[in-house]
Amino acid sequence: MKTYKPTTPSRRGMTGIDFSQLTKNKKPEKSLLKYVRRDVGRASSGRISVRHKGGGVKQLYRIIEFSQTKMDLPAKVIALEYDPNRTAFIALIQYADQTKQYIITPQGLKVGDEIIFSELSPLTPGNRTKLKKIPVGTAVYNIELEPGKGGKVVRSAGSSAQVLAYDGDYVNLKMPSTEIRKFLGECFASIGMVSNPENRFYRVGKAGKNRHKGIRPTVRGSAMNPVDHPHGGGEGRQPIGLKHPKTPWGKPALGVKTRNVKKWSNKLIISRRKK
């Protein structure tokens, strides 16, 4: 984690990500880049459906391999790179047939290391295998929710899930949120913890950096008129006047359960996350 001298008010308290472990002067792999049109918070009608989005620096999307398209074929790590679209670092790997792919980098993976996606792969960071083959207590990431559909959960910087127990066809995992959940043993997962764990200490420092990310300013509801927000109105500065906060559309906010009580995957949750 980088810290800065307080040469300006915005620099005071600002922290940055340490990129020294990444491959220097490495440009992104052209064959693994694509342009993704940004909707800047607008629905197909053109109206704003998600507030506070717009502007930002142009970015090209890096095509990441979340699944296991090349089984039982070793690959060598040839570069570690920054990805503007995610908090984790990414690794460029090359197979024996010269095919290249991007994967999410686990903590501890270095240039020159060899990884493999296999049912019998060694339990070293970056390797990918079925959950039923992974011993209890092992940290995993990039986990499939359904066999063969690719990793969907535990992909952000510094996150990992822990294998707790085997239960018939299922494996119990403790998620980063502390929720304990069942996954089919046939689902694949990668060994280790996602890279860049210091991301949780990152401090933006100034509003301009958020504008570069495409995040526009947020106006407080209490600063609005009653017609615009449930918190608005009153002479001078006023409290919200409600027992609990609300969204601009009058629905409860902060600490309210939003999960559908009839969701099919509720039966796979053993223990809900701690508040």
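The values are calculated or read from the model by the stated rules, or taken from the named source; none is laboratory data. Note that the structure is predicted; figures quoted are calculated from it, not measured. Quick reminder, even Gly has a Cβ in these numbers, built from the backbone with ideal geometry, and neighbours come from all protein chains shown.
Within the stretch 220-237, the set of residues being within 20 Å of P252 (Cβ to Cβ) and surrounded by 12 or more Cβ atoms within 10 Å (Cβ to Cβ) comprises G221, S222, M224, D228, H229, P230, H231, G232, G233. For the stretch 174-219, the candidate set comprises residues that are crowded, with 16+ Cβ neighbours inside 10 Å and of a type in the set (S, T, N, Q); within that set, the residue that is farthest from I17 (Cα to Cα) is S190. Checked against the criteria, G250 does not count as surrounded by fewer than 15 Cβ atoms within 10 Å (Cβ to Cβ), over 22 Å from the mean Cα position of the chain (by Cα) and not in a loop (DSSP other than H, G, I, E, B). Return yes or no: is A207 of a type in the set (A, V, I, L, M) and either more than 30 Å from P245 (Cβ to Cβ) or over 14 Å from the mean Cα position of the chain (by Cα) (or both)? Taking the combined requirement at face value, the residue satisfies it. If I ask for residues that are touching a residue at least 40 places away in the same chain (Cβ under 8 Å), under 21 Å from R62 (Cα atoms), assigned to a loop (DSSP other than H, G, I, E, B) and of a type outside the set (V, I, T), which ones from the stretch 6-33 would you list? Result: D18, F19, Q21, L22, K26, P28, E29. The number of residues in the stretch 75-94 that are more than 18 Å from the chain's Cα centre (by Cα) and without any contact (Cβ under 8 Å) to a residue 60 or more places away in the chain comes to 7.
Let me spell it out: the conditions are (1) surrounded by fewer than 21 Cβ atoms within 10 Å (Cβ to Cβ); (2) in contact (Cβ under 8 Å) with a residue 60 or more places away in the chain, and P122 meets all of them except one. Which number is the exception? Among (1) surrounded by fewer than 21 Cβ atoms within 10 Å (Cβ to Cβ); (2) in contact (Cβ under 8 Å) with a residue 60 or more places away in the chain, the lone unmet condition for P122 is (2). Pairing each residue of the stretch 95-114 that is at negative phi and among the polar types (S, T, N, Q) with any residue that is assigned to a loop (DSSP other than H, G, I, E, B) and modelled with pLDDT of 95 or more, provided the two are 6+ apart or on different chains, yields C-beta distances under 6 Å for Q101/E65; T105/F89; T105/S195; Q107/M193; Q107/S195.
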